[in-house]
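Q: My questions will all concern the structure given below.
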Amino acid sequence: QVQLVESGGGLVQAGGSLRPSCAASGSILTIYVMGWYRQAPGKQRELVALITSGGGTNYADSVKGRFTISRDNAKNTVYLQMNSLKPEDTAVYYCNTRLRLPLQRGQYEYWGQGTQVTVSS
C-alpha cells in the first residue's frame, strides 16, 4: 500500500511564502512523476506543477516565476516552494504521484489527502 503524506500548508498574508511537502511511502519500485494540484471552492482541480524523475518540470501559467517544485528522490519527497502568494492561490493543494509497484505492470496513480493553503489580502 502506498501513502502520500502532505504537510506545510497554512494561512499566510498576500506576498508571503509557504513550502508544503509530500512524502510517498510504502512498497514502491519507481516513482515517475510527482506533482501538485489544487482545487478552490466551486472550481475544478487543476495542475499547479509537476516534476519527473529526471528533474523535468511543468508549471501552470498562473504560478510561473512564483512557485518552484523540487524533489528528493532518496526520500520520495516532493516540495513546492510558493513565493509571492496571492489570494487567488487559496485552495486545497493535493499531492499526486505516478509510480510503478513491485511485481506489477504499468503505472499507478495516488493522491494525498490535501492540505489547505489560505492567502489573506
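Every read-out reported here was derived from the displayed coordinates using simple, explicitly stated rules and does not represent laboratory data. Quick caveat, the model's predicted, so the values are computed rather than measured. FYI the Cβ positions are ideal-geometry reconstructions off the backbone, even for glycines, and counts take in every protein chain you see.
Q: When only Cα pairs under 8 Å and 6 or more residues apart are kept, what is the percent relative contact order across the stretch 1-106? Walk me through the numbers before you get to the answer.
A: On the way: 210 pairs, mean separation 37.3, N = 106.
After rounding, I find 35 percent.
Q: Based on DSSP loop calls and a cut-off of at most 16 other Cβ atoms within 10 Å, the longest stretch of the chain free of exposed trypsin sites (Lys or Arg not before Pro) is what?
A: Numbers: sites that count: 43, 45, 64, 66, 105.
Answer from the scan: 1-42.
Q: Net charge near residue 21: determine it from the other residues with C-beta under 14 Å of the C-beta of residue 21, scoring Lys and Arg +1 and Asp and Glu -1.
A: Numbers: positive: 19, 71, 75; negative: 6, 72.
Summing Lys and Arg as +1 and Asp and Glu as -1 gives +1.
Q: Once both labels are modelled 7 Å past Cα along the beta-carbon direction, what's the residue 105-residue 2 spacing in nm?
A: Result: 1.8 nm between the two label points.
Q: Can you tell me how much longer the chain between residue 116 and residue 61 gets when fully stretched, taken as 0.36 nm per residue apart minus their C-alpha distance, in nm with one decimal? Walk me through the numbers on the way to the answer.
A: Values: separation 55, 0.36 × 55 = 19.80 nm, distance 2.10 nm.
Between residue 116 and residue 61, full extension yields an extra 17.7 nm.
Q: May I pose another question? If each Cα of the stretch 57-121 is one equal point scatterer, what is log10 of I(q)/I(0) from the Debye formula at q = 0.23, 0.28 Å⁻¹?
A: Debye intensities relative to I(0), on a log10 scale: -1.15, -1.37.
Q: Related question: For the chain, set up a Gaussian network in which alpha carbons nearer than 10 Å are linked by springs, and say which option among 18, 103, 29 fluctuates the most.
A: Evaluated over the chain, the most mobile residue of the options is 103.
Q: Mind pulling up the Rg/Rh value for the stretch 27-90? Radius of gyration and Kirkwood radius, both on Cα. Each step should come with its number before you reach the end.
A: Values: Rg = 12.8 Å, Rh = 12.7 Å.
Dividing the radius of gyration by the Kirkwood radius yields 1.00.
Q: To check you understand DSSP bridge types, tell me what percent of the beta bridges within the chain (both residues inside) are antiparallel, rounded to 5. Before the final figure, lay out each step's value.
A: On the way: 40 of 44 bridges.
That works out to approximately 90 percent antiparallel.
Q: For the chain, compute the orientation-averaged projected area of the C-alpha convex hull (one quarter of its surface), in nm².
A: 7.3
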